[in-house]
Amino acid sequence: MSVRGRFITFEGIDGAGKSSQIAATVDLLRARGLTVVQSREPGGTPLAEKLRSIVLADPMHLETEALLMFAARREHLALVIEPALARGDWVVCDRFTDATYAYQVGGRGLGDDKFRALEQWVHPHLQPDLTLLFDVPPALAAERLANGRAETDRFEREQRDFFERVRAAYLQRAAGSAGRILVVDASRPIGTVTAEVLAGVGRLLDLAA
Ligand code: TMP
């Protein structure tokens, strides 16, 4: 009988510095001989990537935004995440449902009941095995974004108070996650952050062995 793979997600406000930590995690898992599927949300399938370009570019009602995030997620789960986990692969995903809680409930003000109904509908039995939440003050994240890229999307152009609400919602979700979400202080030097991330992933590897 094959063993279900493990599902690791990465979260944080825009500019928190997820990308290099995702690369380090994938390298570690592959070095251990595991098959890794690396993906992102919204996105990860041709249709979900189309939904991503719409949702990152076009202004819309906050509930439309939440529905499109979950529509893209349903597709991603069906075509990529669920088959990979069933094969025994490890899935490393840049954002998942915690982002909807943080951005749409915390940032935009979507009703918590609506969020829970959608989460229950789209993945009633699945949660990540481990979520690394990169926590940084929005001022530092904005500085990093300004140094990083010329083009910004609809979310990255939001004001500081939006990111304060998103950050607070992430921390609130972490507090209720019974240890699933590991909060990493990402304002520290990158090497220190990577060491903490790889230690967290290493604990999951030990549990899975
Ligand atoms: P990225 O820049 O990390 O690729 O994410 C794209 C943007 O989409 C980011 O600003 C966060 C936002 N987002 C949501 O608002 N809700 C969600 O459910 C997801 C997955 C992303």
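Values quoted throughout were computed directly from the atomic coordinates according to the rules given, and no laboratory measurement underlies them. Worth saying up front: this structure is predicted, and the values here are computed from it rather than measured. Neighbour counts are summed over all protein chains in view; Cβ atoms, including those assigned to glycine, are modelled from backbone coordinates with ideal geometry.
Odds and ends about this structure:
- Full-extension gain in nm, SER187 to TRP121, via 0.36 nm per residue minus C-alpha separation: 20.2 nm
- Dividing the Cα radius of gyration of the stretch 55-120 by its Kirkwood radius returns 1.02 for Rg/Rh.
- Rg to Rh quotient for the chain, alpha carbon positions, Kirkwood Rh: 0.94
- Summing Lys and Arg as +1 and Asp and Glu as -1 over all other residues whose Cβ lies under 11 Å from the Cβ of LEU29 gives a net charge of +1.
- The gain in end-to-end length when the SER20 to LYS50 segment is fully stretched comes to 8.3 nm, 0.36 nm per residue minus the alpha carbon separation.
- Net charge over other residues, Cβ less than 9 angstrom from the Cβ of LEU110 (K, R count +1; D, E count -1): -1
- Each residue of the stretch 86-97 is assigned a 3J(HN,Hα), and the resulting list reads 5, 6, x, 6, 9, 10, 10, 10, 7, 6, 7, 5 Hz, derived from the Karplus form 6.51 cos²θ - 1.76 cosθ + 1.60 (θ = phi - 60°), x at Gly and Pro.
- Taken one residue at a time, the phi angles of the stretch 33-39 give Karplus couplings (6.51, -1.76, 1.60, θ = phi - 60°) of x, 8, 8, 10, 9, 9, 8 Hz. Gly and Pro are set to x.
- For the chain, averaging the sequence separation of C-alpha pairs within contact (under 8 Å, six or more residues apart) and dividing by the residue count gives a relative contact order of 32 percent.
- Per-residue ellipticity at 222 nm, computed for the chain from helices alone with -39500 (n - 2.57) per DSSP H run of at least four residues, works out to -16000 deg cm²/dmol.
- For the stretch 91-209, alpha-carbon Rg and Dmax in angstrom: 15.4, 44
- Using Cβ point charges alone (K and R +1, D and E -1), the dipole size of the chain about the Cα centre works out to roughly 360 debye.
- Model label sites at ARG149 and LEU171, defined 7 Å from Cα along the beta-carbon direction, differ in position by 2.5 nm.
- Legend: helices of the chain (whole DSSP H runs) are marked when their alpha-carbon atoms reach 30 angstrom or more along the helix axis and their mean Kyte-Doolittle hydropathy is at least 0.5; nothing is marked.
- GNM on the chain, alpha-carbon springs under 10 angstrom: the most fluctuating residue among THR97, THR152, THR131 is THR152.
- Loop-exposed trypsin sites (Lys or Arg not before Pro) per DSSP, neighbour cap 16 Cβ within 10 angstrom, longest uninterrupted part of the chain: 33-148
- Taking Lys and Arg as +1 and Asp and Glu as -1, the other residues whose beta-carbon sits under 10 Å from that of ASP89 total +3.
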